[in-house]
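Notes to accompany the following structure.
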Number of protein chains: 4
Amino acid sequence: MDFVPTPDKLIPDLTPAQEIVLLARTLWREGYRDHLAGHITYNLGDGTLLCNPWLLTWREIRPRDILRITLDGEVVEGQWPVPLGIPLHLELHRARPDVRVAVHNHPDFGTIWADMREMPPVYDQSSSLGGGGDLVLIDEYDGAVNNTESARKAVEALGAGELALLAGHGVFILGTTIRAAHQRAVALEQRCRNAWMVRAAGGRPDSALPQWWLERMARSDGNGFHGFWEAGVRAELAAEPDLLDD
Amino acid sequence: MDFVPTPDKLIPDLTPAQEIVLLARTLWREGYRDHLAGHITYNLGDGTLLCNPWLLTWREIRPRDILRITLDGEVVEGQWPVPLGIPLHLELHRARPDVRVAVHNHPDFGTIWADMREMPPVYDQSSSLGGGGDLVLIDEYDGAVNNTESARKAVEALGAGELALLAGHGVFILGTTIRAAHQRAVALEQRCRNAWMVRAAGGRPDSALPQWWLERMARSDGNGFHGFWEAGVRAELAAEPDLLDD
Amino acid sequence: MDFVPTPDKLIPDLTPAQEIVLLARTLWREGYRDHLAGHITYNLGDGTLLCNPWLLTWREIRPRDILRITLDGEVVEGQWPVPLGIPLHLELHRARPDVRVAVHNHPDFGTIWADMREMPPVYDQSSSLGGGGDLVLIDEYDGAVNNTESARKAVEALGAGELALLAGHGVFILGTTIRAAHQRAVALEQRCRNAWMVRAAGGRPDSALPQWWLERMARSDGNGFHGFWEAGVRAELAAEPDLLDD
Amino acid sequence: MDFVPTPDKLIPDLTPAQEIVLLARTLWREGYRDHLAGHITYNLGDGTLLCNPWLLTWREIRPRDILRITLDGEVVEGQWPVPLGIPLHLELHRARPDVRVAVHNHPDFGTIWADMREMPPVYDQSSSLGGGGDLVLIDEYDGAVNNTESARKAVEALGAGELALLAGHGVFILGTTIRAAHQRAVALEQRCRNAWMVRAAGGRPDSALPQWWLERMARSDGNGFHGFWEAGVRAELAAEPDLLDD
């Protein structure tokens with residue numbers, strides 16, 4: 001596929017399965033690349049979810065690999081097993097039908113703040129994109145999120161939050177669309193990277209951004225930045241031109 | 001295109017639009033790679049500017065994508081919208097007709113010093129290249145630079161400066177040519193990187209470079225290093241041989 | 001070779017020599033890439049070992065380059081010399097016939113903790129994978145491990161350990177299979193990287209992971225994570241499709 | 001060229017000009033990649049030197065680009081100008097006819113210790129390779145090394161040294177062969193990198209390596225590690241198979 005973007009058509013039309021593949025691959029490049037780790041779920045609203053398969057990395061999945069599963073984690077369509085960590089997502093989608101997309105992984109810098117159990121300051125404009133309200137630190141390690149009980153506790157601790165650090169583990173990011181989840185995942189990793197850089201240099205803990213700006217940005221639903229998601233999609237299609245074929 | 005450089009002809013002849021594309025792409029490799037962020041304007045001196053388009057990244061633009069716009073931001077030639085952040089550049093070019101080229105972005109290390117609101121020392125020769133006088137810290141965050149009022153304040157705070165850190169945001173670099181802007185953008189990022197490295201290691205705050213040298217270097221107009229810009233151009237043409245085709 | 005994975009067949013069938021090549025190459029990507037350094041031995045249980053050849057890097061070896069040697073280091077099959085540092089492995093395999101696979105190298109972050117002679121905390125789930133019991137610090141530098149006497153001392157200091165930092169030198173990782181050695185080598189480098197990141201940022205020294213979890217994870221034999229090794233193998237085969245040919 | 005190494009023939013036969021090209025390119029990958037910076041001279045012993053050309057980067061030069069110049073810097077063979085910084089090398093070769101090869105550049109981590117004006121401890125085995133005696137800190141900045149007077153002072157300050165940090169500038173590495181210069185340049189950058197990593201993490205200042213080992217290693221002439229240089233050469237030839245053609 002040799003897609004040439006125009007102002008009216010920034011990317012090809014995409015199915016939800018293609019969107020999941022593109023989200024996984026573009027986030028891999030952003031630092032969400034911990035081997036087999038990571039799940040993305042997409043609530044179809046009919047009692048089923050799309051999700052990435054277990055046993056393949058985010059860098060290698062293709063549209064044909066995407067699963068459709070029930071809210072109990074049973075595979076309805078697809079040839080692969082369900083990710084081991086899916087209980088976290090099942091609990092989440094059962095508790096919060098408003099959430100369309102959920103992303104979990106162990107990104108390079110997000111994981112460091114989860115390890116430190118501290119909040120990364122939002123030091124700059126790019127770090128503040130995408131909204132999602134206050135970042136929540138879920139600091140109760142009950143083993144991996146692949147058992148139902150600890151998944152339920154994590155979802156309870158999240159409350160109405162949409163962005164979380166899971167202490168000693170990774171991050172959890174929610175959104176109403178793939179686009180919003182992408183925006184928030186990129187911004188969270190930039191926030192964590194830049195805050196780490198400032199911290200390692202012994203820089204000041206307070207941000208240049210005024211409180212009114214931070215509050216305004218935090219209220220974003222993550223869907224407003226036209227072109228941001230599309231730029232990520234085009235980079236993946238340029239790297240693997242036949243990615244959408246199946 | 002299979003260009004072979006000779007001492008008399010280091011790179012092919014370039015139009016201003018091609019120069020903008022090559023500047024954007026070579027700076028992307030230098031760390032100016034924050035997704036859709038970044039604008040480059042080139043004052044044609046006839047009341048119009050060339051600039052990169054909105055909705056495409058610096059890594060993917062081609063000569064055909066470059067816009068010509070008025071000093072009020074109206075598109076005269078080109079199919080793409082004007083970058084949202086262009087008011088900063090419009091204010092600048094209206095206030096300072098001597099400036100031919102202006103570059104704004106959020107580079108990897110420059111942004112960290114903008115986040116810390118501190119001046120990176122000039123620790124070495126490479127960090128001192130390109131001149132541009134004193135680095136200015138513009139520490140007034142009035143929201144993004146995409147509204148006219150805050151753009152005007154930023155231009156006022158810059159005064160006659162040619163290099164700035166925008167607190168909580170990124171950098172702003174001016175020059176009389178694309179070549180000069182390139183030299184300064186590369187040197188500023190090296191300065192910020194090396195100073196961060198020294199700082200993270202708890203190194204001394206004073207530079208090995210004597211004051212007379214720093215002052216001499218600061219007075220450079222950025223055009224004197226024959227071959228520096230050309231080396232960056234060749235690397236981009238080697239990576240994408242048909243880049244100049246259109 | 002254009003291998004397409006399925007749930008029943010995640011990777012092609014591999015000979016032990018192919019496994020060694022794939023282990024070396026995938027670990028190179030994980031940071032085990034110190035030029036000519038590094039050896040992998042595989043105890044065939046018949047008085048001979050397979051090992052990588054001297055004079056070729058882990059990035060370039062192919063199945064035809066793998067040696068078979070005796071427990072005294074004599075080459076039985078293969079055209080290359082034995083690695084200079086092999087005495088460490090010979091001592092190890094003589095003393096501990098239970099160990100099938102041994103890996104030594106100087107990875108990016110593991111070497112830093114070996115240089116600091118400190119234990120990297122296990123800050124997160126990924127860092128705790130693969131087991132291998134307590135990480136042992138062997139802090140006696142008697143010259144390189146390429147003489148028998150200092151190799152013997154190192155093996156004695158290791159005791160029944162399966163994971164070690166060799167002070168001022170690198171790491172040593174044991175396992176019952178190539179798969180287990182891979183899991184442990186990846187996890188150890190992630191542990192060392194993340195702990196370095198926390199340390200450089202002045203983060204807390206204690207881990208979020210509870211003691212019971214750490215102890216449970218430490219008891220793993222490294223073979224339980226189905227698909228982890230296979231994902232690494234597929235990435236190498238995608239990068240060099242004819243790698244298994246010979 | 002599709003060269004297949006054997007134990008008797010690790011690399012193709014190389015001319016001195018090809019060796020310079022391969023040294024420049026492999027060191028670029030090791031962190032010696034500051035744009036147009038860097039010179040390599042090779043004393044032919046007949047009153048002339050080979051050197052890399054000005055105006056081309058170390059990453060792009062080919063054998064045909066190598067110059068032959070007199071000890072006064074006049075070009076005898078070759079189409080390119082002499083590097084601006086060559087006076088440092090001319091002074092060196094005039095003062096020390098025993099030195100065959102001299103390398104100057106601004107590598108990623110070496111430059112940081114030159115900026116800090118501190119000695120990086122030798123923390124590990126790889127950092128101690130290649131010998132060259134004590135690392136000398138030349139802490140007199142008289143402007144760039146491209147004028148004869150400051151070049152002479154730098155050579156005097158170096159004394160009989162073979163490895164130097166040039167404060168606020170970069171590094172200077174001498175050897176009797178291209179192979180030795182390569183070994184020393186790689187080891188110096190590893191030493192500087194690992195020491196920076198330890199320092200940024202607040203690690204101990206003393207090394208695990210005993211004094212007798214450090215002294216023994218320091219006496220190496222840099223030529224003894226068979227296969228090390230050859231591995232670097234093969235990686236470059238794999239990346240650009242027609243590199244030796246001319």
Measure of size requested: the Rg and Dmax of segment B:168-212, with Cα atoms as the atom set and Å as the unit; please supply both.
13.2, 37
Please give the residues from segment D:188-230 for which the solvent-accessible area of heavy atoms, probe 1.4 Å, is smaller by at least 50 Å² with all protein chains in place than with the chain isolated.
D:W196, D:M197, D:A200, D:A201, D:R204, D:A208
Estimated translational D of chain D in µm²/s (Stokes, Kirkwood radius over Cα pairs; 10 °C; 1.306 mPa s)
87 µm²/s
Could you work out the local net charge near A:L174, counting Lys and Arg as +1, Asp and Glu as -1, over the other residues with Cβ closer than 12 Å to its Cβ?
0
With the 1.4 Å probe rolled over protein heavy atoms, segment B:1-76 has an accessible area per residue in Å² of 39 Å²
Looking only at other chains, what is the average number of their beta-carbon atoms within 10 angstrom of each beta-carbon in C:35-44?
2
Quick test of the membrane-span-like rule: which DSSP H helices of chain B reach at least 18 Å along their long axis (C-alpha atoms) with mean Kyte hydropathy at least 0.0?
B:16-29
Is there a simple number for the mean count of other chain Cβ atoms within 10 Å of the Cβ of residues in A:107-119, and what is it?
5
Grab the DSSP H runs of chain A that are 4 residues or longer, score each as -39,500 (n - 2.57), total them, divide by all residues and round the 222 nm result to the nearest 500 deg cm²/dmol.
-11000 deg cm²/dmol
Could you compute how much accessible surface A:L84 exposes when probed at 1.4 Å, giving the result in Å² to the nearest 10?
90 Å²
Roughly how large is the D-B contact in terms of buried accessible area, totalled over both chains, probe 1.4 Å, nearest 100 Å²?
2700 Å²
To the nearest 0.05, how large is the calculated FRET efficiency for B:K153 and B:D221 if R₀ is 25 Å and r is the Cβ-Cβ distance?
0.40
Here the whole-number average of other chain Cβ atoms within 10 Å per Cβ of B:121-134 is 4
Please give, to one decimal in nm, the separation of the simple spin-label points placed at B:Q211 and C:R204, each 7 Å out from Cα toward the Cβ.
4.8 nm
Residue by residue, what Karplus-based ³J(HN,Hα) values in Hz, rounded to whole numbers, does segment D:71-83 have, using 6.51, -1.76 and 1.60 with θ = phi - 60° and x for Gly and Pro?
5, 9, x, 7, 6, 9, 9, x, 9, 9, x, 6, x
Copies of D:V76 compared via label points 7 Å along Cα→Cβ give distances in nm, shortest first, of 5.7, 5.7, 8.1
How large a share of the accessible area of the protein assembly as shown, in percent, is made up of carbon and sulfur atoms when the probe is 1.4 Å and the other protein chains stay in place?
48 percent
Tell me the relative contact order for chain D as a rounded percent, counting alpha carbon contacts under 8 Å between residues six or more apart.
23 percent
For C:204-210, A:96-102, ranked highest to lowest by mean beta-carbon neighbours within 10 Å, the order is A:96-102, C:204-210
For A:M116, C:M119, B:M217, give me the order by solvent-accessible area with a 1.4 Å probe, most accessible first, ignoring ligands, DNA and RNA.
C:M119, B:M217, A:M116
Long-range amide H partners of C:G175 with built H, under 5 Å
C:R100, C:V101
Pairwise FRET efficiency - A:T15 versus B:D134, Cβ, R0 = 60 Å, nearest 0.05
0.65
Sequence of A:D34, D:D46 when ordered by accessible area, the most exposed leading, probe 1.4 angstrom:
D:D46, A:D34
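The values are calculated or read from the model by the stated rules, or taken from the named source; none is laboratory data. Computed from a prediction, not measured in an experiment: that's the story for all the values here. With ideal geometry, Cβ positions are generated from the backbone for all residues, glycine too; neighbour counts draw on all protein chains shown. Please note that ligands, DNA and RNA were not included when accessible areas were found on the heavy atoms of the full protein model with its side chains. Shrake-Rupley method; radii C 1.70, N 1.55, O 1.52, S 1.80 Å.
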